[in-house]
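Chemist: Got a structure here, written out as structure tokens. Questions coming.
Rule-based calculations on the coordinates, nothing more; no lab input. Since the model is a prediction, treat every value here as computed from it, not as a measurement. Note that each Cβ is placed from the backbone with ideal geometry, even for glycine, and that neighbours are counted across all protein chains shown.
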Amino acid sequence: MADTKRTPLHGLHEELGARMTPFAGWEMPLQFAGVMSEHLHTRAAASLFDVSHMGQVVLRATDVAAALERLTPAAVIGLPEGRQRYALFTDENGGIIDDLMVANRGDHLFLVVNASRVDVDLAHMRENLPELEVEHLTDRALIALQGPGAERALARIAPEVAGMRFMDAAVVPMSGGELWVSRSGYTGEDGYEISVPAAEAEGLARSLLAMDEVEPAGLGARDSLRLEAGLCLHGQDIDETTTPIEADLAWSIQKARRRGGDRAGGFPGAERILDELENGPARRRVGLLPDGRAPMRAGTALYDGDVRVGEVTSGAYGPSIGRPMSMGYVDANRSAPGTALTGEVRGKRLPATVTELPFRPATYKR
Amino acid sequence: MKYTQEHEWLDLDGDIVTVGITEHASTQLGDIVFIELPEVGDIVKKGDEIVVIESVKAASDITAPLDGEIVEVNQSIVETPGKVNEDPESAWFFKIKVEDPTELDEHMDEDAYQEFIE
């Protein structure tokens, strides 16, 4: 793994006995105590995830919100200062280049993008929005603290975070530099994502891990947690071949950007995307619960009788729901919750039922 | 006790071999969430994929370590797959009646297996 990058918490991971795995060019912790126990601990108390591999980007321009709206169907104009929003970069065909978080930080926007898409996203913004100053921050770590105990834990260090609501984004001054805190995450739990100067990251992580409720967790638990929460992983559940409407992410297209809105369209792929929004897509991302115990993993073909109607894009065992779970795409006329399908696992067609997402309701502090 | 390169342990009693997976294998797999066993009465050939194990990470299989007939399977690990992680030495998978118990000799003894996994 000569070319893999290491996060500022690498030494700490090794000290904690993490099993490491290459991910999007980074050497990341896959697990510490074990995926199942880390998953359950997150839902019961709080877990610390190193997500420093994700891209942190600052955008500046005289009219930065209007500029970014040329690349995303999300409303960025009107996003209040100190608030964050989920957004998609779309392409001319209506496909999804990446999904990301955008925070209004007053005189600039702060973006967090997927590790696997950093280079693509940076090139995309620089090419299409030349008036933008695009700064990729490589001197900051990103730590996610997730779970019902997250507020109490982080408030011991930064009391002001207790007053934040879901998707608030705040700057917390510290002795070693600012923490950029948002009340958000990728687990379906209440919690925070904390951007911290690289030199301060290990100290912050150690302070949090020293607290009774906080344990470290790796990418394995992060994946099963996000799947239970019905959240997409780019490159797996969404990519350039899926549109936001097919992916059931229409909620990320605010009214102002839809037909009849003040700023309708004006983003790549708008015609197809807004058309599908009105008339419905040909296929839809759905949840799927196998009736039996065998997980239906990514790539599992889905059938209605003898007709192939779709494919699983993510599948795993859900520790909190105590059964296997999948998400995938099915023909729109098979996407109603309760539809009985089969999935082909090792040559056998096993029953599964289309289900609403998420598998487990989110516990965000709204 | 004998061990295979697929990280199974084999315990011979007369012409019946009890088969499970090693501590090393269970640690590598991580939390096991699903196990599919062969049927009693199945005639299997060495190398046949006869067990499916799904962990929180991935699916894998284990193969028949010897030619023979499946004479018993451990349904309790199908009901509670986590038992295999808790105590892989006692959570056996299946028992196989072998025609030629000397076939076991080609598998590793404990020292050789320890060396194999190091």
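Chemist: Extension gain residue A:86-residue A:37, at 0.36 nm per residue separation less the Cα-Cα distance, in nm?
Modeler: The span from residue A:86 to residue A:37 would gain 14.7 nm if fully extended.
Chemist: Tell me which residues come under 5 Å, amide H to amide H, from residue A:26 once H is placed; ignore anything under 5 positions away on its chain.
Modeler: Result for residue A:26 returns A:5.
Chemist: Using a 10 Å cut-off on Cβ atoms, rank the peptides A:21-31, A:118-128, A:242-252 from the highest mean neighbour count down.
Modeler: For the peptides A:21-31, A:118-128, A:242-252, the packing ranking is A:242-252, A:21-31, A:118-128.
Chemist: If amide hydrogens are placed 1.01 Å from N in the peptide plane, which non-local residues have theirs closer than 5 Å to the one on residue B:72?
Modeler: Amide H neighbours of residue B:72, under 5 Å, 5+ apart: B:95.
Chemist: How many nm is it between the label spots at residue A:123 and residue A:155, if each spot is 7 Å from the Cα in line with the beta carbon?
Modeler: 4.6
Chemist: Using only Cα atoms, what is the ratio of the radius of gyration of the range B:1-88 to 2.2 N^0.38 Å?
Modeler: In units of the globular-protein estimate, the range B:1-88 measures up at 1.02.
Chemist: Let me check against my output: what whole-number percent is the relative contact order of the range A:282-366, with C-alpha pairs under 8 Å and at least 6 apart?
Modeler: 36
Chemist: Let me ask something additional. Please compute the average number of Cβ atoms from other chains found within 10 Å of each residue's Cβ in peptide A:311-322.
Modeler: 2
Chemist: Hey, with R₀ at 56 Å, roughly what FRET efficiency would residue A:108 and residue A:301 work out to, going by the Cβ-Cβ distance, to 0.05?
Modeler: Working: r = 46 Å, r/R0 = 0.82.
Plugging the Cβ-Cβ distance into 1/(1 + (r/R0)^6) gives 0.75.
Chemist: So, one more: Can you tell me the FRET efficiency between residue A:131 and residue B:48 if r is taken as the Cβ-Cβ distance and R0 is 51 Å, rounded to the nearest 0.05?
Modeler: That pair, residue A:131 with residue B:48, gives E of 0.20.
Chemist: Within the range B:6-37, what residues put their amide N at less than 18 Å from the label point 7 Å along the Cα-to-Cβ vector of residue B:72?
Modeler: Residues B:9-21, B:37 qualify, since their backbone N sits under 18 Å from the label point.
Chemist: Which three lengths, in whole Å and largest first, does the protein assembly as shown cover when its Cα atoms are put on their principal axes?
Modeler: Dimensions of the protein assembly as shown along the principal axes of its Cα atoms: 83, 56, 38 Å.
Chemist: So, in nm, how far is label residue A:275 from label residue B:112 when the simple model puts each one 7 Å beyond its Cα toward the Cβ?
Modeler: Reported label-point gap for residue A:275 and residue B:112 is 6.7 nm.
Chemist: Summarise the partner chain shielding of B:50-62 as one whole number: the mean count of Cβ atoms from other chains within 10 Å of each residue's Cβ.
Modeler: 4
Chemist: Short version: ³J(HN,Hα) in whole Hz for each residue of the range A:61-74, in order, from phi by Karplus 6.51 cos²θ - 1.76 cosθ + 1.60 (θ = phi - 60°), x for Gly and Pro, what are they?
Modeler: Using θ = phi - 60°, the values come out as 5, 4, 10, 5, 5, 5, 4, 5, 5, 6, 10, 9, x, 6 Hz.
Chemist: Still on this structure: List the pairs from A:5/B:83; A:5/B:2; B:57/B:95 whose alpha-carbon separation is above 32 Å, in the order I gave them.
Modeler: Values: A:5/B:83 37 Å; A:5/B:2 42 Å; B:57/B:95 27 Å.
Over 32 Å apart, Cα to Cα: A:5/B:83; A:5/B:2.
Chemist: Once every DSSP H run of n ≥ 4 in chain A is given -39500 (n - 2.57) and the sum is divided by its residues, what mean residue ellipticity at 222 nm do you get, rounded to the nearest 500 deg cm²/dmol? Don't skip to the end; give the middle numbers.
Modeler: Working: 8 runs with 72 residues, N = 366.
Mean residue ellipticity at 222 nm (helix-derived): -5500 deg cm²/dmol.
Chemist: Would you mind calculating the relative contact order of chain A from Cα pairs under 8 angstrom and at least 6 residues apart, reporting the percent as a whole number? Show your work: numbers first, answer last.
Modeler: On the way: 850 pairs, mean separation 66.0, N = 366.
Once normalised by length, the contact order is 18 percent.
Chemist: So how do A:181, A:58 line up by other beta-carbon neighbours within 10 Å, fewest first?
Modeler: Lowest to highest Cβ neighbour count: A:58, A:181.
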